[in-house]
1. Residues that are of a type outside the set (A, V, I, L, M, F, W, C): find the strands (runs of 3 or more DSSP E) completely inside segment 1-66 holding 2 or more of those.
2. Would you confirm whether any residue within segment 248-260 is surrounded by fewer than 20 Cβ atoms within 10 Å (Cβ to Cβ), under 25 Å from Glu178 (Cβ atoms) and in the same structural domain as Ile335 (by TED's automatic domain parsing)?
3. Check Ala366, Ala370, Ala358, Ala399 and return the single one that is farther than 27 Å from Leu145 by Cα, in contact with a Lys or Arg (Cβ under 8 Å, 6 or more places away or on another chain) and buried (at least 19 other Cβ atoms within 10 Å of the Cβ).
4. What are the residues in segment 312-355 that are surrounded by 23 or more Cβ atoms within 10 Å (Cβ to Cβ) and of a type in the set (Ser, Thr, Tyr), if any?
5. So which of Ala9, Ala54, Ala82 is in contact (Cβ under 8 Å) with a residue 40 or more places away in the chain, outside the structural domain of Asn157 (by TED's automatic domain parsing) and touching a strand residue (DSSP E or B) at 6+ places or on another chain (Cβ under 6 Å)?
6. Restricting attention to strands (runs of 3 or more DSSP E) lying wholly within segment 205-306, give those where 2 or more residues are more than 23 Å from the chain's Cα centre (by Cα).
7. Test Leu378 against the criterion of being surrounded by 17 or more Cβ atoms within 10 Å (Cβ to Cβ) and in contact with a strand residue (DSSP E or B) (Cβ under 6 Å, 6 or more places away or on another chain), and give yes or no.
8. Within segment 16-41, track down each residue that is touching an Asp or Glu at 6+ places or on another chain (Cβ under 8 Å) and among the β-branched types (Val, Ile, Thr).
Amino acid sequence: MTDFASLLAADRGQKARPIHLVDKQSFASWVKKRPAEDRALLEAHRFDGKTAFAFALLPRGGEFEVVSAVKNTSNLSPWCLAKLAESLPEGCYKLAGGEPGKATLGWLLGQYRFDTYRSKKEQPERGPRVLVTGEAAKIDSDVRLAQASALVRDLVNTPAGDLGPAELEQAARDAANELGAQIRVTSGDELASGYPLVNAVGAGATDSRAPRLIELEWGKPDDPRVAIVGKGVCFDTGGLDLKPASGMRIMKKDMGGAAHALALARLVIVERLPVRLHLLIAAVENSVSGAAYRPGDVIKSRSGLFVEVDNTDAEGRLVLADALTRASEDKPELIVDFATLTGAARVALGPDLPAMFANDDDLAAAIEGAARGVEDPLWRMPLWDPYDDNLKSSIADLANMANNPMAGCIYGALFLRRFVGEKIHWAHLDTWAWRDPGKPGRPKGGDALGLRAIFEMLQRRYLQR
């Protein structure tokens with residue numbers, strides 16, 4: 001993983017190249033105060049402060065200063081320094097006026113690289129670009145936030161051939177060992193009897209990629225209990241309802257919910273939030289074989305509800321159902337789940353906006369407020385009760401697909417709600433976990449979408465008590 005800790009430095013008066021931030025309102029007055037050679041250079045480059053991420057280098061003998069356009073100099077976005085971090089020569093830099101605030105995230109993640117599968121000769125390393133900041137007290141938390149996002153990216157970017165249920169388990173074990181948490185993994189016969197939906201979805205995989213339910217616990221028993229649940233479908237062929245090639249191409253990312261859940265759990269622990277944390281990851285591969293579950297099968301879930309399988313490609317909600325049931329058994333006050341659940345959410349909201357569902361209006365408002373505060377956008381969608389009847393089955397308690405082709409992400413959320421215990425506040429994020437095309441600080445590939453919003457909500461909820 002990128003060494004983010006080396007990319008921020010406390011301001012102790014060290015030499016650093018200045019970065020001047022301008023926007024379309026401030027540029028004209030700023031440029032008037034610059035030397036004539038600066039004005040001539042900026043005019044030659046047609047730099048007018050209006051084009052986001054545009055920047056220019058202003059020579060100063062053997063050194064240089066930087067001027068960069070941002071949307072609003074009085075309210076820096078998390079990503080306004082990302083292009084600079086990607087593009088500037090190695091060295092030490094400092095904002096000419098003010099502090100970076102939220103923009104440290106883009107500075108750090110602008111230097112994220114996933115180069116596991118590239119040779120050193122093809123991708124020569126550059127030296128780091130270090131940002132000097134007077135906000136020394138928040139350096140460690142800024143680094144941890146970048147590390148959490150990078151963990152999501154690394155896990156999602158790793159090809160499925162190298163990251164199956166066993167490797168996802170190992171990532172959780174590594175976290176537990178590092179952070180002093182307890183871990184339990186349920187597999188084999190115990191999984192078949194205790195988590196039959198998880199077992200059924202993963203039954204078609206080979207023994208080396210067998211399904212499992214991963215649980216991690218941390219915190220004081222008397223603190224409020226919070227459960228974080230992640231969909232860990234390490235590769236999704238669609239099962240016997242096979243996806244087309246185009247739909248299968250990036251299905252290594254179908255464990256993106258688990259990646260978010262693990263990264264969030266790490267944040268909760270390293271920031272020492274006063275909660276009793278329960279992380280649950282249902283890790284499976286949805287494969288095709290003679291042992292694969294079939295359309296029309298009826299499976300008794302951990303909760304006791306019988307589920308008819310209308311479509312084997314709606315597998316994520318099945319594995320989450322058993323995990324949500326397990327989480328509910330310990331009566332947490334809050335459950336949050338992450339899942340790359342439906343294409344319908346992407347049709348409705350596109351790739352950048354996770355669909356957020358919540359069974360409590362105050363919880364939904366808290367998540368929306370946190371998302372705005374850290375500029376990690378999401379959009380609340382309705383748990384529309386009248387649609388619930390469309391999950392009926394003619395022979396079982398419910399089906400895993402609706403008898404209606406519309407509102408797919410709502411039906412997915414309504415299905416999950418059946419497995420959340422009474423009087424438990426619950427939020428479900430149907431996230432894409434992927435970027436295509438890339439943006440400054442957010443390259444094409446796996447990405448954390450909704451992670452910072454939920455962590456901010458948890459901080460506000462539990463640190464202010």
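1. On the way: elements: 8-10, 17-22, 55-60.
Hits in segment 1-66: 17-22, 55-60.
2. Taking segment 248-260 first, the residues surrounded by fewer than 20 Cβ atoms within 10 Å (Cβ to Cβ) are 248-251.
In the following step, the residues that additionally are under 25 Å from Glu178 (Cβ atoms) were identified as none.
Checking segment 248-260: not a single residue is surrounded by fewer than 20 Cβ atoms within 10 Å (Cβ to Cβ), under 25 Å from Glu178 (Cβ atoms) and in the same structural domain as Ile335 (by TED's automatic domain parsing).
3. Numbers: Ala366 fails: farther than 27 Å from Leu145 by Cα; Ala370 fails: farther than 27 Å from Leu145 by Cα; Ala358 fails: farther than 27 Å from Leu145 by Cα.
Every option except Ala399 fails the conditions.
4. Thr312, Thr340
5. Answer to the check: Ala9.
6. On the way: elements: 212-218, 225-236, 276-286, 298-300.
Hits in segment 205-306: 298-300.
7. Working: surrounded by 17 or more Cβ atoms within 10 Å (Cβ to Cβ): yes; in contact with a strand residue (DSSP E or B) (Cβ under 6 Å, 6 or more places away or on another chain): yes.
When the stated conditions are applied, Leu378 passes them.
8. So the first thing to find is which residues in segment 16-41 are touching an Asp or Glu at 6+ places or on another chain (Cβ under 8 Å), and the list is 17-20, 24, 27, 31.
Passing the criteria: Ile19, Val31.
The values are calculated or read from the model by the stated rules, or taken from the named source; none is laboratory data. Given the structure is predicted, the values throughout are model-derived calculations rather than measurements. Note that we place each Cβ from the backbone using ideal geometry, even for glycine, and neighbour counts take in every protein chain shown.
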